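Colleague: Here it is: the structure, laid out below.
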Amino acid sequence: MSFLVVFLIAAHFFLLCCADPTDGFTNVPLTKENFEIQRPYDIPLEERYSFVNGTHRLWVYADDKPHDPNSHTQPRTEVRIRGLDYYSGVWQFEGHAFVPNGTSGATILQIHGAAHGATTIILRIYNGDMRYYSGQVVATDLYDKWFRVNLIHDVNGGKLTLFLDGVETFDTKDQGPGDLHFKCGVYAAPANISYYMESRWRDIKIYKKC
């Protein structure tokens, strides 16, 4: 094998490793109006959410009420990205997440809306591992550390791609188009949840491919 071929192969792998998932995307500016906090309906906001030094801290208890008195869903404290619902195109969520040891059975990131079912994707933490819904493990050993999350949704292509700390970690088909939006925080799973659940988020950004 010639030196040139070896060099080109090495350069190709270098570019793959070093490419940023946001390359080719345009940042969509966010304001505080884009951040809707959903929390147990009977609890004051400051008892389930704080925003200090650029970090959103969200927590909930297993016996909390849902976010709406007419809802029969599990308890949650989540950031719902408001005003950027989408139906087509290629969109991306980016944020840095932190999950403290002990939080388990909690969705920390989801795309709400789909043609089939209520959600396009749910990423849950169980015992420090990240799972696709309650099934496939997509990452391990995530407790007590900050990690960068990039979730790309190609609606027209029907594809989801997850990057953790800049490395492609998981991809899957979506659940079909719908009224779609991003949410992050803590949302209790239907079963096998810890009594206390918390996640922290900073540097939340939304991107769109033009």
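Colleague: Is it the case that S88 is over 19 Å from I206 (Cα atoms) and either more than 16 Å from the chain's Cα centre (by Cα) or open to solvent by 10 Å² or more (accessible area, probe 1.4 Å) (or both)?
Modeller: Working: over 19 Å from I206 (Cα atoms): no; either more than 16 Å from the chain's Cα centre (by Cα) or open to solvent by 10 Å² or more (accessible area, probe 1.4 Å) (or both): yes.
Criteria not met by S88.
Colleague: Now for a separate question. May I ask you to say which residue of G185, G176 is open to solvent by 10 Å² or more (accessible area, probe 1.4 Å) and at positive phi?
Modeller: G176
Colleague: Given the conditions (1) within 21 Å of I37 (Cα to Cα); (2) under 18 Å from the mean Cα position of the chain (by Cα), report the number of the one that Y195 does not fulfil.
Modeller: Of everything listed in (1) within 21 Å of I37 (Cα to Cα); (2) under 18 Å from the mean Cα position of the chain (by Cα), Y195 misses just condition (2).
Colleague: Within the group W201, W146, which residue is aromatic (F, W, Y), in contact with a strand residue (DSSP E or B) (Cβ under 6 Å, 6 or more places away or on another chain), open to solvent by less than 50 Å² (accessible area, probe 1.4 Å) and within 20 Å of S104 (Cβ to Cβ)?
Modeller: After ruling out the rest, the residue left standing is W201.
Colleague: For F163, only one of the following conditions fails: (1) crowded, with 17+ Cβ neighbours inside 10 Å; (2) within 18 Å of I37 (Cα to Cα). What is its number?
Modeller: Every condition holds for F163 apart from (2).
Colleague: Quick one: is G102 under 16 Å from L160 (Cβ atoms) and either in contact with an Asp or Glu (Cβ under 8 Å, 6 or more places away or on another chain) or modelled with pLDDT of 95 or more (or both)?
Modeller: Working: under 16 Å from L160 (Cβ atoms): no; either in contact with an Asp or Glu (Cβ under 8 Å, 6 or more places away or on another chain) or modelled with pLDDT of 95 or more (or both): yes.
No: the conditions fail for G102.
Colleague: Within the stretch 117-169, which residues are in a loop (DSSP other than H, G, I, E, B), over 30 Å from C210 (Cα atoms), out of contact with any Leu (no Cβ under 7 Å at 6 or more places or on another chain) and not aliphatic (A, V, I, L, M)? Break it down into steps so the answer makes sense when it comes.
Modeller: First pass over the stretch 117-169, keeping only residues in a loop (DSSP other than H, G, I, E, B): 117-118, 127-128, 133-136, 140-142, 144-145, 155-158, 165-166.
Retained after the next criterion (residues that are over 30 Å from C210 (Cα atoms)): 127-128, 134-136, 140-142, 144-145.
When the remaining residues are screened for being out of contact with any Leu (no Cβ under 7 Å at 6 or more places or on another chain), the result is 127, 134-136, 140-142, 144-145.
Within the stretch 117-169, N127, S134, G135, Q136, T140, D141, D144, K145 meet the criteria.
Colleague: Please give the strands (runs of 3 or more DSSP E) falling wholly within the stretch 60-116 in which 1 or more residues are in contact with a Gly (Cβ under 9 Å, 6 or more places away or on another chain) and closer than 26 Å to A191 by Cα. Working first, answer last.
Modeller: Details: elements: 76-81, 90-98, 106-112.
Because the criterion is at least 1 residues that are in contact with a Gly (Cβ under 9 Å, 6 or more places away or on another chain) and closer than 26 Å to A191 by Cα, the strands (runs of 3 or more DSSP E) in the stretch 60-116 that meet it are 76-81, 106-112.
The values are calculated or read from the model by the stated rules, or taken from the named source; none is laboratory data. These numbers come from a predicted model, not from an experiment. All Cβ positions, glycine included, derive from the backbone under ideal geometry; neighbour counts span all protein chains shown. Keep in mind that these areas ignore ligands, DNA and RNA; they rest on the heavy atoms of the full protein, side chains included. Shrake-Rupley method; radii C 1.70, N 1.55, O 1.52, S 1.80 Å.
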